[in-house]
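Below is one structure, written out as structure tokens, with a few remarks after it.
Rule-based calculations on the coordinates, nothing more; no lab input. Source: prediction; values computed, not measured. Please note: Cβ atoms are built from the backbone with ideal geometry, for glycine as well, and neighbour counts cover all protein chains shown.
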Amino acid sequence: MKKDYYKILGVEKNASSDDIKKAFRKLAGQHHPDRGGDEVKFKELNEAYQILSNGQKRAEYDTYGQTFGGGNSRGFSAGGGPNSGFDFSGFEGFGQNDGFSGVNIDLESIFGDFFGRGNRRTRRGKDISIDVEIPFEDSAFGASRTVVVTKQSSCIACKGSGATPGTKTINCNKCGGKGTMKEARGTFFGTVTVEALCKECSGTGKRPESACKACSGSGVARRNEEINIDIPPGIEDGEMIRLAGMGEYVGNATPGDMYIKIHVRKHSIFRREGSDIHMDLPVKITDALLGATYKVPSLEGEEISLTVPEGTTHGTMLRVKERGIVMSKGRRGSIVVKVLINMPNKLSKQAKDLITKLRQEGL
């Protein structure tokens, strides 16, 4: 059954790439296994994002309900071979006189789970996640951060090759340099021969002639590594940033990804609502009645002149445009100022007389 990737990410079919990215960041933060989330759900989210964030794959998915990796069909040879990963002895006549001539049947997609297709995939390093706290202003304008993370990284001495510098690599003696080995496995179809990744060389077909002493030939060392993070403007508290390939390193394999959860510190004055920032402004009753000009703060640190119109009532919202959160395509929200009229606790005799006169005038 076709997976509804749009439903998985909770977006509409006409969602923009920014909408898809934002939805993935939010849900990935909720379901990441390192933070107690559901690993199955997280993998499903990642799968959906990988398809919908790629223009070509998304177009194929929208049209055909699947992706084809550039349009090359995955054929199978009757006797196995590099395209199949299987030894189909006894199936040589399939597709000749069986009424399926000319039809490309993707047996791997049908029987892959039974024939150990997953074992032919290269290894992948673990994903890691970290938390980064930023000031309120950085969430509005964006920023760059450098963090130091202790993780499995490539060995500095051998640059991840596992070989002593200056020495060469040779063919793996276990798989003969092929990177894969044939294994016989029992299934409900009978015994099937499959090609599995060679565990000795992790599928590379090579091994170091002389193992690096620093990492014992693994190409991997646990060390501190500086990671540069570009924080986009408009990011919200709790959102995730994904850095592909910056997770844990595995020798001769694909590194995992790094996920950065952003925590935005609260501001002493402003509170965020979408692209706008809100604040309260205490105003004297006389200024509300007669009008006045007040100075209000901004995210840039400068003060802005704000006119409180004559006759302003308690709770009135005044707006300073283009001084809020920076969003995509250069748009900015506003500063929204809520007027709070200060009522005096005590009045002088003169003030009471003036208010009495105003009451007599019906005000």
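Give me the net charge of Tyr294's neighbourhood, meaning all other residues with Cβ under 13 Å from the Cβ of Tyr294; Lys, Arg count +1, Asp, Glu -1. Before the final figure, lay out each step's value.
Numbers: positive: Lys284, Lys295, Lys338; negative: Asp280, Asp287, Glu303.
Its environment carries a net charge of 0.
Could you work out the local net charge near Arg331, counting Lys and Arg as +1, Asp and Glu as -1, over the other residues with Cβ closer than 14 Å to its Cβ?
Working: positive: Lys321, Arg323, Lys329, Arg332; negative: Asp18, Asp276, Glu322.
After counting each charged neighbour, the total is +1.
With the convex hull built on the Cα atoms of the range 321-363, state its orientation-averaged projected area in nm². Let's see the in-between values first.
Working: hull surface 21.2 nm².
Averaged projected area of the range 321-363's Cα convex hull equals 5.3 nm².
Pull up the cross-link candidates among the lysines for Lys321, meaning alpha carbon to alpha carbon under 20 Å and not fewer than 8 places away within one chain.
Partners within reach: Lys295, Lys329, Lys338.
Among the DSSP beta bridges whose two residues both lie in the range 271-360, what percent are antiparallel, rounded to the nearest 5?
Values: 14 of 22 bridges.
Here the share of antiparallel DSSP bridges comes out near 65 percent.
Could you tell me whether the range 260-307 comes out rounded, prolate or oblate from its Cα gyration tensor? Rule is a ≥ b ≥ c as square roots of the eigenvalues, rounded for a/c under 1.5, then prolate if a/b exceeds b/c, otherwise oblate. Could you put the intermediate results ahead of the total?
Numbers: a/c = 3.36, a/b = 2.52, b/c = 1.33.
Verdict is prolate for the range 260-307.
Run the simple label-point estimate for Ile304 and Glu273 please: 7 Å along Cα→C-beta, distance reported in nm.
Simple spin-label model gives 1.5 nm for this pair.
Under a 5 Å amide H to amide H cut-off, with H placed in plane at 1.01 Å, what residues pair with Gly234 once short-range neighbours are removed?
The list, which skips near neighbours in sequence, is Ala140, Phe141, Gly142, Val326.
Below 26 Å, Cα to Cα, which lysines can Lys357 reach? Residues fewer than 8 away in the same chain don't count.
Lys284, Lys346, Lys349
For Thr150, what charge total do you get from the other residues with a beta carbon under 10 Å from its beta carbon, if Lys and Arg give +1 and Asp and Glu give -1? Before the final figure, lay out the partial values.
Numbers: positive: Lys151, Arg222, Arg223; negative: Glu225.
Summing Lys and Arg as +1 and Asp and Glu as -1 gives +2.
Measure up Lys13/Lys126; Lys22/Lys266; Lys7/Lys43; Lys174/Lys213 against 24 Å on the Cα-Cα distance and list the ones that go over. Mind showing how you got there, number by number?
Values: Lys13/Lys126 31 Å; Lys22/Lys266 21 Å; Lys7/Lys43 15 Å; Lys174/Lys213 22 Å.
In this structure, Lys13/Lys126 exceed 24 Å between Cα atoms.
Order by neighbour count: Ser16, Ser268, Ser153, Ser298, fewest other Cβ atoms within 10 Å first, most last.
Details: Ser16 11, Ser268 7, Ser153 20, Ser298 14.
The most exposed by this proxy come first: Ser268, Ser16, Ser298, Ser153.
Once you compute Rg and the Kirkwood Rh from C-alpha atoms, what is the Rg to Rh ratio for the range 128-264? Don't jump to the answer; show the numbers that get you there.
Working: Rg = 20.8 Å, Rh = 17.8 Å.
Radius of gyration relative to Kirkwood radius: 1.17.
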